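Visitor: Take this structure, written in structure tokens, and hold onto it; I'll ask about it next.
What follows draws every value from the coordinates through simple rules; no lab data is involved. Remember, it's a predicted structure, so these values are computed and weren't measured experimentally. All Cβ positions, glycine included, derive from the backbone under ideal geometry; neighbour counts span all protein chains shown.
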Amino acid sequence: MKTVITDNSLCTLPIYEGAKSDHIYRYIEALGESGVKYVELDFRTVMKMNELPENVKYIFRLGDPMFAELTEVFDFSYVLLTVNDLKKRVNLNGVPVIMEFPAVHKLSRQMVALAQAQISSPISMVRLRGSYSLMSPEDARRYVLECKGTVPVPIDICPMNKFKTALDCALKFSNARVDSLTLCMGLPKNYASIEEFLFTLMSVHESIPEEYNIGAMCKAAVYHQLVFGPHSGDSISYIMELLDRDILTLRNADTGRRVPMRMALKDKMLLHKNFISALERFIDNEEIPDDFAYDIDQAIKRFDASLFDNEIMYSKEPKKPLN
């Protein structure tokens, strides 16, 4: 998988009032350990942090020209600008720019040239953000090729979910070798979820891409609740619940055939094992509120660890069926 992932949760989701800078730091660190290459930040997050983890790169969403001074304090790989940021010429102290445009049918060189005229730093990546109608794989390939042929810089796509197509489009753009995808950790309403994206890849290819780490992603999912609050939703548990009641008996109305499982049994159990292992290490080693620790402990006790037998986990065909 050559497409890199940017997480935008820290500039699109409301941060919990009780979130500590240390929790945000460890959340970002866990995202980096998961395989996320870029974390997108805005002014809210940056002002909470004394320092940032070094295992990821950062994109700073400007929002207002007055925040450009922060480029002198933090080591941002890119500053992200939108069309609304270009009412006046923007000076970014030489930091490369990601220029974000609304999702369009066809990217225009003229749009990029007009934007560049208002920015002191070079536009080094173009992002297209918005909702796309349902595409075929060939449509996605054609779209990515046309975008790459229009500008000489990498293309990032941030698919949104107005038409309930964000995850589908993310998968197809990834298969079409887009340079970068911007997704969101957790259960976002408006964006494709990083976890669902990666576990869907697992179901298709029977293994998660080697550059990504399930255990670290489970750890990030726990910190996600500390950063965004207990009502933000636990995406890993949500995915496991879907797998636990998977469509074993559902049949296609047209053909009458059974609908195949989205994930193999061993992949489902691998997810369970990594999640529980990550939670156990987390509760032993991390400083977290007592009530949250209790909830995690109770969640761990709900799962039967005896299911995670190595012979079952790594054998392509289990010798004994599970009851």
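Visitor: Going by Cα centres, segment 96-125 and segment 24-67 are how many Å apart?
Guide: For segment 96-125 versus segment 24-67, the Cα centre distance is 23 Å.
Visitor: Using the Kirkwood radius over C-alpha pairs as Rh, can you work out the diffusion coefficient of segment 186-230 via Stokes-Einstein at 20 °C, viscosity 1.002 mPa s, in µm² per second?
Guide: Rounded, D is 186 µm²/s.
Visitor: Still on this model: Please give the net charge around Asp156, taking every other residue with its beta carbon less than 14 angstrom from that of Asp156, where Lys and Arg add +1 and Asp and Glu add -1.
Guide: +4
Visitor: Which loop-located chymotrypsin sites (Phe, Trp or Tyr not before Pro) does segment 47-88 contain, where loop means any DSSP state but H, G, I, E or B and the Cβ has at most 16 other Cβ atoms within 10 Å?
Guide: Counting only loop positions with at most 16 other Cβ atoms within 10 Å, the chymotrypsin sites (Phe, Trp or Tyr not before Pro) in segment 47-88 are Phe74.
Visitor: Would you please put 186-192, 90-96 in order of how densely packed they are, using the mean number of other Cβ atoms within 10 angstrom per residue and starting with the highest?
Guide: Highest to lowest by the protection proxy: 186-192, 90-96.
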